[in-house]
Amino acid sequence: MQKMIITIKNMNCESCVEKINAQLSTALEKYDIKLDTKTISFEGNADIRAQVVATLADIGYEVI
């Protein structure tokens, strides 16, 4: 496992953070969402990263 950081293009407000948090809390045990940098960091591998990206896409967020 390694530290993964992904940037979310259209995460712009606290409501976005809450929406993302609601989805990720079922998929990841520990993660950190930072609105000011539009990033999510978590421990994982390529498969977990792909799952997170797919989850975000399902709720309308684009990873860059």
Residue list for the range 14-46, restricted to those being free of Cβ contacts under 8 Å to residues at least 12 places away in the same chain and farther than 14 Å from residue 2 by Cα: 15, 18, 22, 25, 26, 29, 32, 34, 36
Members of the range 25-42 that are at pLDDT 95 or above and either within 13 Å of residue 63 (Cα to Cα) or not basic (Lys, Arg) (or both): 31, 32, 33, 35, 36, 37, 38, 39, 40, 41, 42
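The values are calculated or read from the model by the stated rules, or taken from the named source; none is laboratory data. Quick caveat: nothing in here was measured; it's all calculated off a predicted structure. Quick reminder, even Gly has a Cβ in these numbers, built from the backbone with ideal geometry, and neighbours come from all protein chains shown.
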